[in-house]
Each structure stands twice: as C-alpha cells, then as structure tokens.
Amino acid sequence: MTIDIFKTLVSDIGANNQYKANWKAWKDLNHASHNIFFPVFKEFLDYHLKNLSSGATRLYLFLGLKAQSTGDSWYSVKSMADYFEVRTRTIDNWLQELDDAGLIYRERTSTSSRTYLKPYSLNVFPIKPSKEKNLNDILKRGIKEAKTRVSMVGPIYQVFHFFQWVDETKGSCIQSIAVVAKRTCKDGPPQITGFVYADHFNTPESVIDTPHIVGVKSFISNIVVDGISIIGLAIEKDDKLTLVKNQRDALLQLSQAPPEFVTDLPEVLLIKNPFIQVIPTVT
C-alpha cells in the first residue's frame, strides 16, 4: 500500500481557501521579516495604471522598490538602462513620463542624479498647536507650513475651519483648521495636501448656535487672517474629526466638490460660548 501524505489537503481545505491562506501567510512573513516592499494604493489604479506606458510603469516599480522607505534613490540613467537592457534615451523618456504624471521629481547636478517619489493621493501634515490652542495662531502656523513647502505641494487654494459637537449640553466640541494646497501636474490629477489641526475644546470662546448638527452646515468663521478666505463648516458628530481617516475623507470630498457646494449649504452662526463662566473681578 502506497502512503499519500497530501491526498486530503485539497479536499479538506478546498483550493479556494488554500490560495487565500497561502497569500496571507506569505504577506505576513514578509511584513514580519521587514522585507522591502512598495505600496501601490487604489488611486494609482484610478489615475495612472491605465495611462502610463508599460515601460514607465516598470520603471516606477523599479524606483519604488529601490527607494525603500525614504522615497529617494540615486540610480543613474545608465544604471537603469543597463538593468532594463534599453537605451539611455528610453529611460529619459520614461522618467519624463513619470514626471509629467506627477509621480517623481528628478534632481540632477554635475556629479550625480537623484529621484524622489511623490505622493499621488491626498496627503496630510499635522499642524503643531500653540500652547493656548489659539485657532488664529494655529492657522498662521498652518499657512507658514504650506508656504514653506510651496515648491513641493503647490500654492494654498482653500482654508477650512471645522466645528463638531462633542457634548452640546456642556459646550464641548472639536474644532479643526485645515490649510489645503493644490499642485497641478501636466498629465496627472491635481495633488492635494492638507495641513491639519484638530483637537477637543472643553470651553472654547465660540461655539455653533445650533445644538444638533445634521449633515453639514456652513458658518462665517471668526478667524481673521489677511488675504485668506476661510470656509466654516459644522459637521455632525458621528465621525470624529480627530481621526486622520475622517480628516482625509472630508478633505477629499471638499477638494472634489464644485464651488457652489459650500454656498448652497444651510447656515448656522458661530456665537460666544454661553457655557463660559465669567469670574467677577475682585476690587
């Protein structure tokens, strides 16, 4: 009698589940081993995969895997041409295609060349708060951060002041500042970058006059910065603005919305917080 050690594997587990388990084990092993990998997010499928040539796509994967976690690599055009077994002119064309799509930045000097990968979906930088959590000061910090990176992220095109109740019966809320920059690309979608601050305020100076916010409402912000138009938005409290995922989703929706979206929203008022207790001055 011949022993068949593996005869029950496919029938017991099922080929479908075997493939799934095999993929998961392989992925977990590589993550645990800190093996080099290159993330390809859904936006690459939406905007770039169908538009890039096969050569530019292969070069992008090469640069991504060589850049590791820092996003930059030092490979010369000749080194890349040798790897792909093509002419240097072909590599130059692929690099230009990736540059036009907004996926890379190529820095060249007389002695070396360097390639930087660029984000191809919305990116968020946190704004450092002031000690007093003063929103005017925080907005100025956000504007400064955006202007410092203007060559990389593009100019500021929108500024938002978000409000969200935590407990409307006690006057506590979440308030957020988002300075949004937009960089245009020749052959790719605009790159959106948000500089965002969000925090809980137990007794803020100002709150929304409407206790229960349903959906999204607009308001006139009390934050004043010369030359910057600030859009005030009050959002219902189910999705917390302090979570990065919710910040990302909100900015994505707003960056894709037509200009009349905000002007057509129902309005609420930003008023002095009635829950602030005024301590009388002792004379």
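The numbers here are math on the coordinates, done by the rules we state, and not lab data. In this text the structure is predicted, and so the values were computed from the model without any measurement. No Cβ is skipped: glycine too gets one built from the backbone with ideal geometry, and neighbour counts run over all protein chains shown.
Values computed for the structure shown
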{"quantity": "Gain upon complete extension [K245, N16; 0.36 nm per residue less C-alpha separation]", "calculated": "79.2 nm"}
{"quantity": "Virtual spin-label span in nm between D28 and Q253, 7 Å along Cα→Cβ", "calculated": "3.6 nm"}
{"quantity": "Exposure proxy order (Cβ contacts within 10 Å, fewest to most) of K131, K144", "calculated": "K131, K144"}
{"quantity": "Debye, to nearest 20: dipole size of the chain, +1 on Lys, Arg Cβ, -1 on Asp, Glu Cβ", "calculated": "900 debye"}
{"quantity": "Choice from A257, A67, A198 with maximal GNM fluctuation in the chain (Cα, 10 Å cutoff)", "calculated": "A257"}
{"quantity": "Cβ-based net charge around S121, under 15 Å, with every Lys or Arg adding one and every Asp or Glu removing one", "calculated": "+3"}
{"quantity": "Virtual spin-label span in nm between V262 and H212, 7 Å along Cα→Cβ", "calculated": "2.8 nm"}
{"quantity": "Candidates Y19, Y120, Y105: whichever shows maximal mean-square fluctuation once the chain is modelled as a Gaussian network with Cα springs under 10 Å", "calculated": "Y19"}
{"quantity": "Region 233-280 and region 87-105: distance between their alpha carbon centers, rounded to Å", "calculated": "41 Å"}
{"quantity": "Among L117, L139, L265: highest mean-square fluctuation, GNM of the chain, C-alpha pairs under 10 Å", "calculated": "L265"}
{"quantity": "Spin-label model distance (nm) - I228 vs S130, 7 Å beyond Cα toward Cβ", "calculated": "1.2 nm"}
{"quantity": "In degrees, nearest ten, helix 54-67 long axis to first principal axis of the chain (Cα)", "calculated": "70 degrees"}
